[in-house]
């Protein structure tokens, strides 16, 4: 029997379950699944690039679905390239741009970007690129004064996330963009908008960024499909070798079923955008401040109020260890994560928490919880009832000393 099987057998299933790990894994809704079925079971499964009736019908749907994706972003559907994930979108934005613009050799990112941005930028070292990592404040806000100082005639790209995925910081993207374009309009600006799409208003035409990444699974759409907004006139080169089709940057991405699910998820998320936003803010504040006031020696990671993502709660429980937190919470039916998804099985502190000044032991003792439209106030009440006892138990075992 594997270790995972042992854990499942040992822990059993909690009487009540509350899922708050939406950052690392999401489900789809019934309406999304129903929207996808015809493209698996009926004639609409065709390749939109093929010139026969089934292909034409699929292509017609393809155009309409991309229009649905583009509408809440206030951009034209032809400006959206489909990809397999936001990680791929971020890779394409950086490497695809660099391949088309080889004269400038400097890329600027922040130290709290998703690792798909940081690692992609650093991979350019081998091609003689200079990569500048901007520091952040203790609530995760990027230092725009430092950005101003780093801009020069060699700068190709600035990549700054819209919202931090771990601590919920809403970054000053508009201010940063104005600084960049005032210095030199030829410098490109990319934003990883994955954690902002569907959570805050995101008018890309008004914001006037050059490139923006976003994803289906973060709004309860299917995994395996995402998008990259590319401003008109900007050229990227595919980072892949192989045959390309309707989509000219990513191979084998023309999956009508996934696109149908993505479009339906967008429709559902934005149909009641303000109501969903108010609902998640209410749950976020009840959970975050409820835990902070009911449990001693806790620190909220990230900013407060309207500078924080409406769905994000990240708290350090001093004197606790991350793995114990997630396991004990799981035994009580509360599912959250310690650290980021990409490093959750490695006992390394989150690079984002250490960037905002958390000591490794404080970072290890943090829980990331996210709420969305499927969560209820009753679920939050359950978490607030159980978590003080969970923390008390862990601290009693460790003596309150971080391990």
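The values are calculated or read from the model by the stated rules, or taken from the named source; none is laboratory data. No experiment lies behind these values; they were computed from the predicted model shown. Glycine also receives a Cβ, built like all others from the backbone with ideal geometry; neighbour counts cover every protein chain displayed.
Identify, from the list 319, 357, 400, the residue that is modelled with pLDDT of 95 or more and either assigned to a loop (DSSP other than H, G, I, E, B) or in the same structural domain as residue 164 (by TED's automatic domain parsing) (or both). Write out each step before concluding.
Numbers: 319 fails: modelled with pLDDT of 95 or more; 400 fails: modelled with pLDDT of 95 or more.
None of the others qualify; the one that does is 357.
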With respect to residue 62, determine if the residue is over 25 Å from the mean Cα position of the chain (by Cα), closer than 25 Å to residue 235 by Cβ and surrounded by 17 or more Cβ atoms within 10 Å (Cβ to Cβ). no
Flag for residue 228 being closer than 24 Å to residue 306 by Cα and either outside the structural domain of residue 363 (by TED's automatic domain parsing) or not in a strand (DSSP E or B) (or both): no
Just wondering, is there one or more residues in the range 375-394 that are under 23 Å from residue 166 (Cα atoms), in contact with a helix residue (DSSP H, G or I) (Cβ under 7 Å, 6 or more places away or on another chain) and part of a loop (DSSP other than H, G, I, E, B)? yes
Identify all residues within the range 239-262 that are modelled with pLDDT of 95 or more and more than 30 Å from residue 98 (Cα to Cα); write none if there are none. 260, 261
Considering each of 5, 57, 34 in turn, give the residue that is at pLDDT 95 or above, in a helix (DSSP H, G or I) and out of contact with any strand residue (DSSP E or B) (no Cβ under 7 Å at 6 or more places or on another chain). 34
Any chance residue 352 is crowded, with 18+ Cβ neighbours inside 10 Å, touching a helix residue (DSSP H, G or I) at 6+ places or on another chain (Cβ under 6 Å) and either part of a loop (DSSP other than H, G, I, E, B) or modelled with pLDDT of 95 or more (or both): no
Residues satisfying the stated conditions in the range 65-79, i.e. surrounded by 18 or more Cβ atoms within 10 Å (Cβ to Cβ), farther than 18 Å from residue 252 by Cα and touching a residue at least 60 places away in the same chain (Cβ under 8 Å): 68, 69, 72, 73, 75, 79
Exactly one of 194, 155 is closer than 25 Å to residue 235 by Cβ, at pLDDT 95 or above, touching a strand residue (DSSP E or B) at 6+ places or on another chain (Cβ under 7 Å) and surrounded by 23 or more Cβ atoms within 10 Å (Cβ to Cβ), and that residue is 194
When (1) without any contact (Cβ under 8 Å) to a residue 12 or more places away in the chain; (2) closer than 26 Å to residue 223 by Cβ are applied to residue 53, the one that fails is (2)
State whether one or more residues within the range 293-302 are in a helix (DSSP H, G or I) and either in contact (Cβ under 8 Å) with a residue 40 or more places away in the chain or under 18 Å from residue 386 (Cα atoms) (or both). yes
Positions within the range 159-185 being surrounded by fewer than 22 Cβ atoms within 10 Å (Cβ to Cβ) and assigned to a loop (DSSP other than H, G, I, E, B), in sequence order: 172, 184, 185
From 304, 265, 309, which residue is outside the structural domain of residue 385 (by TED's automatic domain parsing) and under 22 Å from the mean Cα position of the chain (by Cα)? 265
Candidates 378, 392, filtered to the one that is surrounded by fewer than 19 Cβ atoms within 10 Å (Cβ to Cβ) and farther than 14 Å from residue 318 by Cβ: 378
